[in-house]
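Below: one structure, written as C-alpha cells.
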Amino acid sequence: TCRAGLPLNEAACEICAAPLPPPAPSRPVCGSCQRHRPSFAHAIVPLLYQPPVDDLVAALKYHHRLYLAASLAGCLVDGLVRERNVTGRPWPELVIPVPMHRDHLRQRGFNQATELARIVSRKLALPLSITRLQHTGSARHQRGLPRAQRLRRSDLAFRTRGPCPAHVAVLDDVVTTGATAEHASVALRQAGAKTVEVWAIARTPDRR
C-alpha cells in the first residue's frame, strides 16, 4: 500500500529518464538527449525524487537507516521487471554500483549504491561487481552544481579494474543531471562495454 503511493516517473525521456511535462508522446526523447546523445544506452529510474522518496533516500544515506535499502531496491526491481516485460530487452551481464570517493566512504562507512546493488542483483539473479569501477577523482561534492559544470569537471573521474562484459548496468541511488552516469559510462565503454544501462531509484526534475 505504501509503495503504491510513491511518485512514479512515468512520463520520462526514453534515454536519460528525465521527467517530461504532460502530455508526453509515446517513447519520448528529451531535447538534451536529441542534441547530445549520452554514452549510456538508456536509464531506468522508476521514482521521482520528491516527497517522500527524497526523505527515504536521505534517511538511508545520511542517517544510516540501512533497512530502507530493501524497500527502495524493491521499487527498482519492480520497475526493471516492468520495463523488461514491455521492451523485451536482454538483462545485463554485470551490475556495477557507482563507487564513492574513498574519503566519503570512510566518513559515511558504507556506499548506498553498493547496498542497493547487492539487493537488486540478488533478487534478479545477476552477477555483481563492487570493485570493477573505481572513483579516482577528488572528494569535492557535486551538489548544487549545474549540469554543464558537472560534465566539465575533470576531477569527477572513474576507471575500471579489468575488462568489462559487453552489456553492463551501472547502479546509483539518484540521477540528478546525468553527469555521474555519463562519466561512469565512458569509463565502462573504454573497458569494453558495448551497452551501458543506468539504473537508479529516483530522478530529479530537469531544471534546464
- Would you mind computing, in nm to one decimal, how far apart the modelled labels at residue 84 and residue 159 are, each placed 7 Å from Cα along Cα→Cβ? 3.4
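Sort the chain into rounded, prolate or oblate with this rule: let a ≥ b ≥ c be the square roots of the eigenvalues of the Cα gyration tensor; rounded if a/c is under 1.5, and if a/c is not under 1.5, prolate when a/b is larger than b/c, oblate otherwise.
Values: a/c = 1.19, a/b = 1.10, b/c = 1.09.
Taking the square roots of the gyration eigenvalues as a ≥ b ≥ c, the chain is rounded.
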- Applying the Karplus parametrisation 6.51 cos²θ - 1.76 cosθ + 1.60 with θ = phi - 60° to the phi angles of the range 179-187, what ³J(HN,Hα) value in whole Hz is obtained for each residue in order, glycine and proline being reported as x? 5, 4, 4, 5, 4, 5, 5, 4, 5
- Note on the structure: Highest GNM mean-square fluctuation among 189, 118, 89, for the chain with Cα springs under 10 Å, belongs to 89
- Using a Gaussian network model of the chain whose springs link C-alpha atoms within less than 10 Å, name the residue from 54, 172, 103 with the highest mean-square fluctuation. 103
- With all protein chains present, calculate the accessible area of residue 114 using a 1.4 Å probe and round the result to the nearest 10 Å². 20
- Query: Per the 1.4 Å probe, what fraction of the accessible area of the chain, in percent, lies on carbon and sulfur atoms?
  - Reply: 51
- Item | For q = 0.12, 0.22 Å⁻¹, Debye-computed log10 I/I(0) when each Cα of the range 27-93 counts as one equal scatterer | -0.46, -1.04
- Note on the structure: Residue-normalised value, i.e. accessible area per residue, for the chain at 1.4 Å probe, in Å², stands at 50
- Task: Figure the gain on full extension for residue 11 and residue 126 (residue separation times 0.36 nm, minus the Cα-Cα span) and round it to one decimal in nm.
- Result: 38.6 nm
- Estimated inter-spin distance, residue 105 and residue 27, nm [label 7 Å along Cα→Cβ]: 3.9
- trypsin sites (Lys or Arg not before Pro) restricted to DSSP loop in the range 15-72 with at most 12 other C-beta within 10 Å: 65
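The values are calculated or read from the model by the stated rules, or taken from the named source; none is laboratory data. Bear in mind the structure is a predicted one, so any value in this text is a computation, not a measurement. We place every Cβ from the backbone using ideal geometry, glycine too, and count neighbours over all the protein chains shown. When the accessible area is computed, the model is the full protein with side chains, heavy atoms only, and any ligands, DNA or RNA have been set aside. Shrake-Rupley method; radii C 1.70, N 1.55, O 1.52, S 1.80 Å.
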